[in-house]
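Sharing a structure, written as structure tokens. Questions coming.
The values are calculated or read from the model by the stated rules, or taken from the named source; none is laboratory data. Small disclaimer: the values here were computed from a predicted structure and weren't measured. In this analysis, Cβ positions are derived from the backbone assuming ideal geometry, glycine residues included, and neighbour counts consider all displayed protein chains.
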Amino acid sequence: MSFFPEKNRRLTLAMLAWLAVAPFATAKEKPAAARPLDLRAEPMVEVAAVCPSIVIELRYATARNVTGGPIYPPNARCLLRRSVALRLKKAQEELQTHNVGLKIWDAYRPAWAQQILWDAIKNPEYVGEPARGGSLHTFGAGVDVTLVDAKGREMPMPTDFDDFSPAAGRIYRGKDPVVAANLLTLQRAMVHAGFWTLRDEWWHFVSEDVKNFAAIDSALAPEPKP
Ligand SMILES: [Zn+2]
């Protein structure tokens with residue numbers, strides 16, 4: 001036995017179903033999560049403006065890199081895509097709860113700088129060949145970082161920057177427990193913030209959103225050449 005005739009009962013059930021979904025969706029609007037991300041035109045930002053506590057030392061603006069000379073001009077800015085800089089801020093905030101922080105060695109790398117680096121090294125294991133897509137640094141989605149203490153001093157890590165040797169792998173095979181702990185602290189914070197690690201370079205991290213980016217239009221980041 002029912003309180004509703006068959007036809008009315010069907011109508012009531014249909015109304016209940018509509019009420020259940022009505023607050024969450026309309027015919028014209030899809031939920032935000034269903035839209036594919038398109039970050040190809042996401043703006044570049046200065047990391048110093050997004051997270052001033054991160055130490056910045058662009059090694060390619062100095063002679064302390066694998067080429068032995070500066071590639072960037074001395075006034076080069078440290079730039080990343082906005083969402084990537086925000087991920088880095090998240091990692092920095094986690095690290096600060098352990099009284100340590102990030103130092104950036106390289107971030108956005110203009111295509112012309114990638115060409116100079118490739119011409120100097122010509123080893124695709126360590127440097128992306130421009131003709132084969134170059135580097136995710138030129139997408140503004142890759143960043144090279146190390147760990148510093150509360151006073152901004154670099155902490156012991158497996159190798160120096162641009163050490164293109166097996167010792168630079170993301171899995172530490174040395175015997176120093178301090179280095180092992182420091183590397184793990186850095187990797188945990190970066191992975192929690194949404195970065196991937198790289199097998200051959202412990203200092204290199206890439207935003208997990210990288211497939212949604214493309215190489216930077218030079219108009220987005222008109223960096224001066226030396
Ligand atoms: Zn890198």
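Quick one: is residue 193 under 14 Å from residue 84 (Cβ atoms), away from the ligand (no atom under 15 Å from the Cβ) and modelled with pLDDT of 95 or more?
For residue 193, the condition - under 14 Å from residue 84 (Cβ atoms), away from the ligand (no atom under 15 Å from the Cβ) and modelled with pLDDT of 95 or more - is met.
Further, regarding this structure: Only residues in the stretch 93-116 that are over 13 Å from residue 151 (Cα atoms) count as the first member; pair them with residues that are within 12 Å of the ligand (Cβ to nearest atom) and among the basic types (Lys, Arg), Cβ under 7 angstrom, at least 6 apart or cross-chain, and list the lot.
Filtered contacts from the stretch 93-116: 105/59; 106/59.
Which residues, taken from the stretch 104-124, are within 13 Å of the ligand (Cβ to nearest atom) and outside any helix (DSSP H, G or I)?
If the condition is that a residue be within 13 Å of the ligand (Cβ to nearest atom) and outside any helix (DSSP H, G or I), then 104, 105, 106, 107, 108, 109 are the ones that fit.
Looking at the stretch 138-178, which of its residues are buried (at least 18 other Cβ atoms within 10 Å of the Cβ) and at positive phi? So that I can check it myself, show each step before the final result.
From the stretch 138-178, those buried (at least 18 other Cβ atoms within 10 Å of the Cβ) are 138-148, 155, 157-159, 161-162, 168, 172; that's our starting set.
Across the stretch 138-178, the qualifying residues are 140, 162.
Those residues that are buried (at least 16 other Cβ atoms within 10 Å of the Cβ) and farther than 18 Å from residue 111 by Cα, I need them from the stretch 65-85; list them, please.
Hits for the stretch 65-85 are 83, 84, 85.
Find all pairs meeting these conditions: Cβ atoms under 6 angstrom apart; at least six residues apart or on different chains; first residue within the stretch 194-205 and closer than 16 Å to residue 90 by Cα and part of a strand (DSSP E or B); second residue modelled with pLDDT of 95 or more and within 11 Å of the ligand (Cβ to nearest atom).
195/205; 196/206; 205/143
In addition: Go through the residues of the stretch 122-138 one by one and say whether even a single one is at pLDDT 90 or above and in contact with a Phe, Trp or Tyr (Cβ under 7 Å, 6 or more places away or on another chain).
yes
Say we look at the stretch 155-166 and pick out the residues that are more than 12 Å from the ligand (Cβ to nearest atom) and charged (D, E, K, R); which of these is modelled with the lowest pLDDT?
Top of the filtered list is 163.
Quick one: count up the residues across the stretch 86-125 that are of a type in the set (A, V, I, L, M), surrounded by fewer than 18 Cβ atoms within 10 Å (Cβ to Cβ) and more than 18 Å from residue 164 (Cα to Cα).
The first filter runs over the stretch 86-125 and keeps only residues of a type in the set (A, V, I, L, M), leaving 86, 88, 91, 95, 100, 102, 104, 107, 111, 113, 116-117, 120-121.
Applying the additional criterion that residues be surrounded by fewer than 18 Cβ atoms within 10 Å (Cβ to Cβ) yields 86, 111, 120-121.
From what's left, more than 18 Å from residue 164 (Cα to Cα): 86, 111.
Count: 2.
Now a separate question. Can you tell me which of (1) more than 14 Å from the ligand (Cβ to nearest atom); (2) in contact (Cβ under 8 Å) with a residue 40 or more places away in the chain is the one residue 129 doesn't meet?
For residue 129, the exception is condition (2).
Let me ask something additional. Give all pairs with beta carbons closer than 7 Å in which a residue from the stretch 135-155 that is within 18 Å of residue 80 (Cβ to Cβ) and free of Cβ contacts under 8 Å to residues at least 60 places away in the same chain meets a residue that is of a type in the set (Lys, Arg) and crowded, with 21+ Cβ neighbours inside 10 Å; count only pairs at least 6 apart in sequence or on separate chains.
These pairs meet every condition: 135/109; 137/109.
Here's a follow-up. Looking at 152, 169 in this structure, which one is out of contact with any Ser or Thr (no Cβ under 7 Å at 6 or more places or on another chain) and either more than 24 Å from residue 96 (Cα to Cα) or within 12 Å of the ligand (Cβ to nearest atom) (or both)? Don't jump to the end; show me each part of the working.
Details: 152 fails: either more than 24 Å from residue 96 (Cα to Cα) or within 12 Å of the ligand (Cβ to nearest atom) (or both).
After applying the criteria, what remains is 169.
Based on this model, can you work out whether residue 225 counts as more than 16 Å from the ligand (Cβ to nearest atom), at pLDDT below 95 and assigned to a helix (DSSP H, G or I)? If you could, list the steps in order and put the result at the bottom.
Numbers: more than 16 Å from the ligand (Cβ to nearest atom): yes; at pLDDT below 95: yes; assigned to a helix (DSSP H, G or I): no.
Answer is no for this residue.
While we're looking at this one, here's another question. Filter the stretch 138-148 down to the residues that are within 11 Å of the ligand (Cβ to nearest atom) and farther than 16 Å from residue 211 by Cβ and list them by number.
Once the filter is applied, which keeps residues that are within 11 Å of the ligand (Cβ to nearest atom) and farther than 16 Å from residue 211 by Cβ, the stretch 138-148 yields 143, 144, 145.
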